[in-house]
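I have placed the structure first, in the form of structure tokens, so that the comments after it can refer back to it.
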Amino acid sequence: MGWLDGIWKKLNRNTAYAQMLNGYTPVFSQFGNNIFASDVVQQAISCIVTEMKKLNPQHVRENGGDAVPVNGDRQKVLLNPNPLMTKSDFLEKITWSLMLHYNAFVIPVYDVWRDEAGREQRNYRALYPVQPASVEFMEDAAGKLFVKLRFANTYETTLPYDDVIHLKYRFSVNEFMGGNENGMPDYGALLKTLQVNEDLMTGVGAAMKSSFSINGVVKYNTLMDDGKTETALKDLESKLLQNRSGFLPLDLKADFIPIKKEVRMVDADTLKFLDEKILRHFGVPLVILTGDYTPAQYEAFYQKTLEPIIIAWSDEFSRVLFSERERAFGNRIRFYPKDLIFMSVDQTLEMVRLLGDSGSLYENEKRVAFGLRPLPELEGVRMQSLNYVNVEIAAKYQIGRQQEAAPGSTGGGTGRQRG
């Protein structure tokens, strides 16, 4: 945590635990039950992580319905979060942390300066995702909220909550943290399903092992004392070890009674039910897991599972990376899902036609949409259809066309009448 030592100092303020309406002390452990021993759980969360790392974060300035991209220090740290991670690494890291603990923390690193008006300005240099072992929420006498982060190596630091990006998942009964009332994932119902699934798979494995270990019973047709029994067993063992043909030679005094092998596997419907029950906990359909989905199924997965997380991320990053005044001027962080929206070829053609006709796409963007490489000669080239007109001058344009069509019009001119 050396990078924190150089940026943050522990605050020497008189702080106390923040008050919670439910009476709990806001100290939360970040360790829960390990559900990741299940391959289905790992695969389900991996589906979400894989899609979230495709997001494109962008600093925009919203003006009504128009969002204008802004290239500044915020955009730089979104594309290059820190020296240890790329953009996709960063998104993958915080998504895994969020799904594992229902809480993810990101520490922004910035320099402070003041403008000509004396207002504090920040120049952001890095974003570091951290995984604290425990979290405490505290407030000072003025009611300002702070968060104390303790890590597994005993390091701890206290930061203003306004300076910490805190992503929450299933933010419900707890006032500060995602998860249950203790600020942890509630896996009670899921663990029961996972245990049933484990018991079934263990039972099938045991049945298969036993079916291959016992093939039959040797019946001796004579009475034998203990000494003869031991000798017979050793003789049988010797024959088994020496046997290479698969047939066991016996003398006339013994009979071999084969055991019929009937290994009963769990039926496919039961296994499918258990898998889907586990997947529903994370909002991942089975078709998404297998990759055999239609555009409509992917769209439903995006709207139900991914989009709520994306909206929450946009709101939280905007809260921390911009001051209240900056947000009032429309500054926002948006995570655009262009690369993860699945469209068929026909849908892509329609999209390119609509956006291309209005001049909203560069020619190279059209090529990239179909998997073609961009061409140097098309750099910066943007085409627009002449079948559209600016809404601000649409009425004047229409009047001009009507005057051109009127009797006595010179045609092809401006449509103005002679004085």
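The values are calculated or read from the model by the stated rules, or taken from the named source; none is laboratory data. Just so you know, these numbers come straight off a predicted model, no measurement behind them. In this analysis, Cβ positions are derived from the backbone assuming ideal geometry, glycine residues included, and neighbour counts consider all displayed protein chains. Note: areas computed on protein heavy atoms with side chains; ligands, DNA, RNA excluded. Shrake-Rupley method; radii C 1.70, N 1.55, O 1.52, S 1.80 Å.
So here's what we get for this one:
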item: In Å², nearest 10: area of Ile399 left accessible to a 1.4 Å probe; result: 90 Å²
item: Solvent-accessible surface ranking, highest first, for Leu386, Leu321, Leu349 at 1.4 angstrom; result: Leu386, Leu349, Leu321
item: With all protein chains modelled, accessible area of Trp113 [1.4 Å, Å²]; result: 130 Å²
item: For Gly179, distant residues with modelled amide H under 5 Å away; result: Tyr169, Phe171, Ser172
item: Calculated P(r) of segment 349-392 - Cα pairs past 11 Å, %; result: 65 percent
item: Distance (nanometres) between label positions extended 7 Å along Cα→Cβ at Asp292 and Asn71; result: 4.6 nm
item: Distant-in-sequence amide H partners of Tyr110 (H built 1.01 Å from N, under 5 Å); result: Arg125
item: Segment 109-196 - percent of accessible surface contributed by carbon and sulfur, probe 1.4 Å; result: 49 percent
item: Sulfur and carbon atoms: percent of accessible area, segment 41-101 [1.4 Å]; result: 50 percent
item: Accessible area (Å², 1.4 Å probe, nearest 10) - Thr231; result: 90 Å²
item: Simple label model, 7 Å out from Cα along Cβ direction - Phe151 to Thr86, nm; result: 2.5 nm
item: Nearest-0.05 FRET efficiency for Glu307 and Ser358, computed from C-beta distance (R0 25 Å); result: 0.50
item: Listed pairs Lys168/Lys304; Lys93/Lys168; Lys54/Lys366; Lys93/Lys366; Lys54/Lys76 exceeding 22 Å between Cα atoms; result: Lys93/Lys366
